[in-house]
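Step one of this worksheet: look at the structure below.
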Amino acid sequence: MGCGASNGILENNKAIMNRKKDLNLNSYIRVVPNFPKSGILFRDITPLLGNATAFRETIHRMADAFAGHKIDALVAAEARGFIFAAPLALELNAAFIPIRKPGKLPHYRHSFSYDLEYGQDTLEMHKDAVHAGQNILVVDDLLATGGTVEACCKLIEHTGATIAGCAFCIELDALGGRQRLGDYPIYSVLKY
């Protein structure tokens, strides 16, 4: 077992180190018409997440976009943002800070409420998670209208920290999220 196990570890490490810069990540996004309702063309990331090579390359491309920037921590709103932010934080050697819905965090919290198309929502983060002067990268799976990410940015800025940028797996250009986020540096791996 010793020799075989070490060979398996070596092969796994080689796979981790090999970049696939020419990999067509679009081919790992499933297009589902009329979901979750009629007229919507849903971009499903689960095939990308289900392929280690494609998922790893997605994280590498996000990291490449912010290499050389001083990033102290990454934040993401639950839940799909966590999928990309946690491995990206490791890649950038930065902390990961979850932003959650109300009632999910056990310690003292900052809260930010924002308007939705039909109502209001609130995001929370621990008060001791982000500090004035830190550079924060906001991460999510999708940039659509930009409402949730804008709320994350405002919550972070309320602490005195700086938004270093926003990173996304997918951006839906027609929904105007980039314009809503204004002057924040934005990187999206895939655009539709």
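The values are calculated or read from the model by the stated rules, or taken from the named source; none is laboratory data. As the structure is a computational prediction, the values presented were derived from the model and not from experiment. A quick note on method: Cβ atoms are made from the backbone with ideal geometry, for glycine too, and the neighbour counts reach across all protein chains shown.
Which pairs have Cβ atoms under 6 Å, sit 6 or more apart or on different chains, and link a residue in region 73-84 that is within 16 Å of T122 (Cβ to Cβ) and at pLDDT below 95 to one that is outside any loop (DSSP other than H, G, I, E, B) and basic (K, R)?
Taking only residues 6 or more apart or on different chains, the pairs are E78/R100.
Among the residues of region 112-157, count how many are surrounded by fewer than 20 Cβ atoms within 10 Å (Cβ to Cβ), farther than 27 Å from L175 by Cα and among the aliphatic types (A, V, I, L, M).
1
Residue-by-condition table, conditions (1) touching a His at 6+ places or on another chain (Cβ under 8 Å); (2) free of Cβ contacts under 8 Å to residues at least 60 places away in the same chain; (3) of a type in the set (F, W, Y); (4) under 24 Å from P106 (Cβ atoms):
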site	(1), (2), (3), (4)
M125	yes, yes, no, yes
T145	no, yes, no, no
H158	yes, yes, no, yes
L172	no, no, no, no
R180	no, yes, no, no
L190	no, no, no, no
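Mind checking which pairs have a first residue in region 21-45 that is touching a residue at least 24 places away in the same chain (Cβ under 8 Å) and a second that is assigned to a loop (DSSP other than H, G, I, E, B), Cβ under 6 Å, 6 or more apart or different chains?
So the pair list comes out as Y28/N51; R43/I29.
Test of understanding: among G103, G176, G160, G182, which residue is exposed (fewer than 15 other Cβ atoms within 10 Å of the Cβ), touching a helix residue (DSSP H, G or I) at 6+ places or on another chain (Cβ under 9 Å) and at positive phi?
None of the other options fit; the residue is G182.
Does region 93-116 hold any residues that are over 20 Å from A79 (Cα atoms) and either hydrophobic (A, V, I, L, M, F, W, C) or without any contact (Cβ under 8 Å) to a residue 12 or more places away in the chain (or both), and which are they?
Matches in region 93-116: N93 only.
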